[in-house]
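Everything below concerns the one structure shown next.
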Amino acid sequence: MKFNIDTLPVLFPYPRIYPEQYEYMCDLKRTLDAGGHCVLEMPSGTGKTVSLLSLIVAYQQHHPEKRKLIYCSRTMSEIEKALAELKALMKYRTEQLGYEEEFRGLGLTSRKNLCLHPSVKREKSGSVVDARCRSLTAGFVKEKKERGEDVEVCVYHDNLDLLEPHNLIPPGVWTLDGLLKYGEQQKLCPYFTARRMMPFCNVIIYSYHYLLDPKIAERVSKELSKDCIVVFDEAHNIDNVCIESLSIDLTEDSLRKATRGVNNLDRKITEMKSTDAEKLQNEYAKLVEGLREADEARNEDAFMSNPTLPDDLLKEAVPGNIRRAEHFVAFLKRFIEYLKTRMKVLHVISETPPSFLNHLKELTFIERKPLRFCAERLTSLVRTLELTNIEDYQPLQEVATFATLIATYETGFLLILEPFESETATVPNPILHFTCLDAAIAIQPVFDRFSSVIITSGTMSPLDMYPKMLNFGTVIQKSYTMTLARKSFLPMVVTRGSDQGVVSSGFQIRNDPSVVRNYGNLLTEFCKLTPDGVVVFFPSYLYMESIISMWQGMGILDVVWKYKLILVETPDSQETSLALETYRTACNNGRGAVLLCVARGKVSEGIDFDHHYGRTVLCIGVPFQYTESRILKARLEFLRETYRIKENEFLSFDAMRHAAQCLGRVLRGKDDYGIMVLADKRFQKKRSQLPKWIQQALEDRYSSLSVDQAAAAAKAFLREMSVPWTRAEQEGVSTWGPEDLARHKAKMEIEEIRRLEEEAINANGAIGDVVMEDEFGGDEFDDTVLAELDV
Amino acid sequence: MSRAAQRSGATPSKRLAEDGDICPVCKSSRYLNPNMRFLVNPECYHKMCESCVDRIFSHGPAPCPIAGCRRTLRKAKFRKQTFEDIQVEREVDIRRRMAKTFNRREDDFVSLLDYNDYLEKVENFTWNLINGVDIEETEKTIAAYAEENRREISRNESVAAQEAQSRKARAAEELELIRLRREDARREDELERREKADMRRGIINKLATTDGDAASIAREGQRVVLKKSLARRAAIDKQRDNDPFAASTENGEASSGLIFKGLKKWVPPAPEKPYDPFGGWSVENEYFVLQDHYDWDWLSQAQTDIRHTAGGYDVNDYCARALCEAFSGFGVFIEDEVAGRNVGSAPSIATAAAAVTGSEKPDVNMDDIF
Ligand code: SF4
Ligand SMILES: [Zn+2]
Ligand SMILES: [Zn+2]
C-alpha cells in the first residue's frame, strides 16, 4: 500500500493498514521533523515494528541526508523478527519502485550467535566465545603470524582484511541467518562483517546493550553520527537495563579468582622481563607520555573497555604510581585484599562511594585517581603481555571495572554488602553489590548524542514516568487505543471469590486458605470454560510454589487436571523451554494446557501466546517487586530524593507495567482474541495505570467481579467469539484499505479547515469565551472514587 | 556486567578450612579451639596464637619463637591482622610510613607529568622497601628527604588534616539533610493520607445530605484534593530548590617529594601590611627637607639634656613643626580659589580634600595638617 503523510511518500508492505498504525506513523514523522525524543505506547499486536520501519525507511530515502536508523530491541528473537520485517519491507519497496535502492540493513548480536570458527562456536558460554575469539584475532597475534611464528588465527577474520573495508558485504538487508550463510560461503566472519560495516549501514538492528552499556558502546557504537534516529523498542524495562549496565556484583569466589588472575599476571610480567623487557619498557614509555591508545585505530579486539560513560572518561595520563607493570600488579593485589577484608564483615553495610574511598585510603593508601585508571591500565597491560587465555582474567577484569566505576561516580550509586544470602542463613556467603540507582546516568549520553530517540513499547503507562525517571524531554508522548471491529479481548478485574470473600495476594492474607481456595476456583472455572491454552501469572516463584502446594492439598489441581495439562515455569531456563514446548504441543492437539508462570520471569517477557496458545491469561495477585530487597529500597529512596517519585508511585507503576506485559501476551494481533483476568482486589484502584488500550476495553461493569460473574462473562464472550467472523467485517473500521485511508485523510482535512476557520473567527471576535480545558482530565477519576467509596 | 551473582555452594566450607589453620608455635588448631585468634608483630610478621603471645612475651621482650627468626619482640606491638595476606599487611605498614613522609600534593607541582614522575619515584622507594632491595640506601635517602623537607611535610599534613575534617563535616551535614528530607516525605505522606480520608468523608456527607448526581460530587471532591496536593507539591519543590546545599568542594588528592623536579616554588604568603588610615596619602614635604641635625647651639643642648628628653621632648619634632609652619601657605593661590568659587561649581574644601585623599598624589594645599 502506498500513501503520503504530508509530503512524505510511504510504502507500507501490506494491502491494509490499521488506523492506529497510521496515526503512529504520523506522530513518528512529526517527531523526526521536529528533532526530539518521544515516548509512544502502541497496543501489542498492532504491527508496531513494521509501521516504525516503513515510516523511517521512507523518511530516510526521501531526505537527502539519509539519517541512519539504529533500532534497538531486547532479545535475539525480537531482533530477528525486526530484520525479517525489514527485509520484507525492502523487497516490497523494490517491487513498487521498480528499482533497487542502495540500502544496507544489518543486525548485530554477540559472537556466540555469529561465530563460524569450528571450535570456538561450540563453546557454551558467550564470554568464553568472546575471549577465545579475541585470542585468535588480537592485533599482536596477527603480527606474530606475519613474523612467521606459529600461532593459531581465525581464517574467517583474516579473510576480511583482504576485502575493501567499506564493502565487506553486498548491499541489501541481511538477516542473521543470511549473514551466517553468506559468511560460510565466502569464509568471512559474520560478526566482524557486521561490526565493521556498521558505519556504512542505513539500518542497524541490535540489542540495547550496544548503546547503553558503556563497556560495549564505547567499542561498537562510537562512530555513529549525531543525526542517527535511535529507536528503543519494547522499552518498558529500559530503566532496568540502564541500571544493570552500570552495576556490578562481587563475591568471595570472584575475588579469589581475581587473586589468581593477579598472580598469573605477576608471573607473566616476570617472564616477560627476562625474555622481552623491551615491550614492557615501550608500554611504560607510552604511558609516561600519556599516549592514549594512539595505535588502537581498530580496537575491536580490546580486552575490555572503560566501563564509565564517555563524558566521564578521564583524559589524562595514567598516574605515576601504576605506570610500571609490577607496581600496578601490586596495586591490584592490595585492592583485592582490601575487598576481601571488607567481605569478612558480618552485618549489612550500605555505603556511598566517597565513604568507601575514604576508608580504602585510610587502610591501604590507595588514592582515588589511580583507582579510576584501573580498567584502562589493566587493558593496556593485558595487551602488552599478549595474553591469549583471556577468559581466565574475567574476574580480575570485573574487579578493575568495579574500581573504575566506584572511583568515577560519587552520586547515584550505592555500595551494599550483604553477608548472608537470606535472613535465616547462618553461614556467611557475602555479596558486594555496587549498584547504580539512577537509570538516567547510563542513558544520558544517548539522549545527548542523538537528536531523535524514540522509546516505544506495548505497555508504557503512565507515560510521563519514563521522561521523569530517565530525565529527558519529549516532543510527543502518546498512547494509542486499539480500533476493533468487534471486541476481541475481554479484560476483567476479579475482586471476590464466589463466596464474596476478597481475593488478593496482599501480604496479610496471601496464605489465607479461603483466599487460596478462591484463587483455585478461579483457575478451575477458567480451565473448564477456556478452549486451548490458559496462562497464569504469579507475582513471584516463592508465592507460586506455596500456592501450588496448597492447591495440591485442597485437591484443586486434581480438578484442573481433568481439563488441562498443568505445566510450571521454573528458574531453570532449560526446564522452562521444555515446559513451553509441551504446552504448545498440548494446545496444538486440542486438549489444551495451563501454564503456571511468574510475572517477572522469562515467559512474561519474551514468549507470545498467540491464538490458541493463549485464550485466557490470569494474573493472580499484583506483581509487586520484593520490597525487602535493599537494592530496591535504596533505589526507591533515590527516586524520591532526586526525581520526586514516591515509593508507592514507583512500586505500583512497576507492578502494573509487568501486569500489563502479562496481559499483552495473549493478544498478538487483531484477529486474535482472548480473556484477560486481573485477580486481585487492589487492581480495582490501579486500573488507571493500565495502558490506555486495555483501560478502554475494561468496562466499568467488569471492574469488580466475583469469580462466578467473571466466568459467566467469559462464557458469553467466548460464545460471541465463536461466531464465524470474516476479515471483511473489519474493513473500514479496524483496518483501512487505500480508499478508507483517503476518506480518513479527507475527513481530517475538512476538520483541519474547520478548525482553522473557527480559530479565525475566534481571533476576530469573541476572545472571552475560550473554553477552559479541564486540567485534571476529570473522567479518569470518578469511577475510581466511587469504587473506593464502597470499601 | 552480569548481575547474576554466582554464589558458589562450596564457598562456606572452603572459608572454614582456610581460616582453621594451625598455630605454628603451639600447634593447636582452630578446629579444637574455635575462639583462637592469631596475632602478628610488625617486626617480623610471624603469625602466632594469642595464648602463645601471652605465654612467651608476658615477662618482657623475647626473641621470636619461629625457627630462624631471631628478632626481639614486645608484647605491646602484637596486633590483629587486618589483611588475610600477611605480605599485604606488611606492605601497608610500610606504605603508612611512606605516606607520612611523602605527602606532596598535585598542586605542588608545575605539571601533571612532574607529579606523575614524583608518584613513580615514591612508588619505587616503597617497592624497594617492600621487596628488600637496597634497603639501607633507600632508607638513607628517605631520611634525608624527610629532614630536608620537614616544613613542607608538616604543612601538607595539616592541609590534609583540614581536608579530612571538612570532608567529615560535609558528610555529617549531608546525612542530616537526608534525614530531614526523609522526615519531610513521611510527614507529607501522612498529611496526604489524612486529607484523602477527610475528602472521602466529605463526599459521603455530601452524598447523604444533597441529592446531586453522585458521580459529579465525587469528581468535584477529587478535584479539590488534587488541586491541594498539587499546590502542596509545588510548595515543597520550591522549598527544596532553595536548599542551602550548593557546597560542592573538589576532592583534591593528597600526595608527596625528594629532590623532585617540577616542584612549584612554595612562596609563603606575603605578610599583611599594617593598616593605613590615610589610604596611601602621605605627608611628604615638597618645599623643604628635614635635616637630622641642625647646628644650633641652644637646641643641641636640649637634645641631650635629660630634663627635656625625659618628658619626651624631641628636637626633631620641634624642627619639623617649625619648618612646616614656615612653609605653610606655599603654593596656595587665593585668587584662583576665589575665582573658582565664583564659577559656582567649585567643590567645597572638604570634597576637594576627599578627592585628594583618593588620588595618589598629595596636594600641597592640604599639606598643612597641623
Ligand atoms: S573471528 Fe569470527 S569466526 Fe573467528 S572466532 Fe571470532 S567470531 Fe568466530
Ligand atoms: Zn599457639
Ligand atoms: Zn619472627
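The values are calculated or read from the model by the stated rules, or taken from the named source; none is laboratory data. Everything numeric in this text was worked out from a predicted model, so none of it was measured. Here the Cβ positions follow ideal geometry from the backbone for every residue, glycine too, while neighbour counts run over all protein chains shown. These accessible areas exclude ligands, DNA and RNA; they are computed on the full protein's heavy atoms, side chains included. Shrake-Rupley method; radii C 1.70, N 1.55, O 1.52, S 1.80 Å.
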*Which of the helices (runs of 4 or more DSSP H) contained wholly in the range A:541-644 include at least 1 residues that are over 24 Å from the mean Cα position of the chain (by Cα) and surrounded by fewer than 21 Cβ atoms within 10 Å (Cβ to Cβ)?*
A:541-554, A:556-563, A:573-588
*Residues located in the range B:167-189, provided they are open to solvent by less than 80 Å² (accessible area, probe 1.4 Å), within 11 Å of chain A (Cβ to nearest Cβ) and closer than 26 Å to A:HIS359 by Cα*: B:ARG167, B:ARG170, B:ALA171, B:LEU177, B:ILE178
*Could you pull out the residue among A:LYS468, A:LYS487, A:LYS478 that is open to solvent by 10 Å² or more (accessible area, probe 1.4 Å) and in a strand (DSSP E or B)?*
A:LYS478
_Under 7 Å between Cβ atoms, which residue pairs at least 6 apart in sequence (or on different chains) link something in the range B:128-155 that is in contact (Cβ under 8 Å) with a residue 12 or more places away in the chain and away from chain A (no Cβ under 14 Å) with a partner that is in a loop (DSSP other than H, G, I, E, B) and exposed (fewer than 13 other Cβ atoms within 10 Å of the Cβ)?_
B:GLU152/B:TRP266
*Say we look at the range A:334-346 and pick out the residues that are facing chain B (nearest Cβ under 7 Å) and basic (Lys, Arg); which of these is nearest to A:LEU250 (Cα to Cα)?*
A:LYS340
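Okay, residues lined up against (1) acidic (Asp, Glu); (2) part of a helix (DSSP H, G or I); (3) away from ligand 2 (no atom under 16 Å from the Cβ); (4) within 25 Å of the chain's Cα centre (by Cα):
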position	(1), (2), (3), (4)
A:CYS72	no, no, yes, yes
A:LEU86	no, yes, yes, yes
A:GLU101	yes, no, yes, no
A:ASN113	no, yes, yes, yes
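Okay, residues lined up against (1) hydroxyl-bearing (Ser, Thr, Tyr); (2) more than 25 Å from B:SER29 (Cα to Cα); (3) within 16 Å of ligand 2 (Cβ to nearest atom):
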residue: B:VAL53; (1), (2), (3): no, no, yes
residue: B:GLY60; (1), (2), (3): no, yes, no
residue: B:PHE83; (1), (2), (3): no, no, no
residue: B:GLN87; (1), (2), (3): no, no, no
residue: B:THR101; (1), (2), (3): yes, yes, no
residue: B:VAL110; (1), (2), (3): no, yes, no
residue: B:LEU119; (1), (2), (3): no, yes, no
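Yes/no per residue for (1) more than 12 Å from chain B (Cβ to nearest Cβ); (2) at pLDDT 85 or above; (3) away from ligand 2 (no atom under 16 Å from the Cβ); (4) not in a loop (DSSP other than H, G, I, E, B):
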| site | (1), (2), (3), (4) |
| --- | --- |
| A:MET197 | yes, yes, yes, yes |
| A:ASP227 | yes, yes, yes, no |
| A:GLU244 | no, yes, yes, yes |
| A:ALA258 | yes, yes, yes, yes |
| A:ASN264 | yes, yes, yes, yes |
| A:ARG267 | yes, yes, yes, yes |
| A:ALA294 | yes, no, yes, no |
*Can A:THR426 be described as of a type in the set (S, T, N, Q), touching a residue at least 60 places away in the same chain (Cβ under 8 Å), surrounded by fewer than 24 Cβ atoms within 10 Å (Cβ to Cβ) and farther than 30 Å from A:PRO691 by Cβ?*
no
*If the Cβ limit is 6 Å and pairs must be 6+ apart or interchain, which residue in the range A:304-333 that is within 8 Å of another protein chain (Cβ to nearest Cβ) pairs with which residue that is open to solvent by 10 Å² or more (accessible area, probe 1.4 Å) and assigned to a loop (DSSP other than H, G, I, E, B)?*
A:ALA317/A:GLY290
_Residue match in the range A:126-142 (condition: free of Cβ contacts under 8 Å to residues at least 12 places away in the same chain and either within 16 Å of ligand 2 (Cβ to nearest atom) or over 28 Å from A:ASN202 (Cβ atoms) (or both))_ = no
*Just for the range A:141-185: of the residues that are away from ligand 1 (no atom under 16 Å from the Cβ) and part of a strand (DSSP E or B), which one is surrounded by the fewest Cβ atoms within 10 Å (Cβ to Cβ)?*
A:GLY172
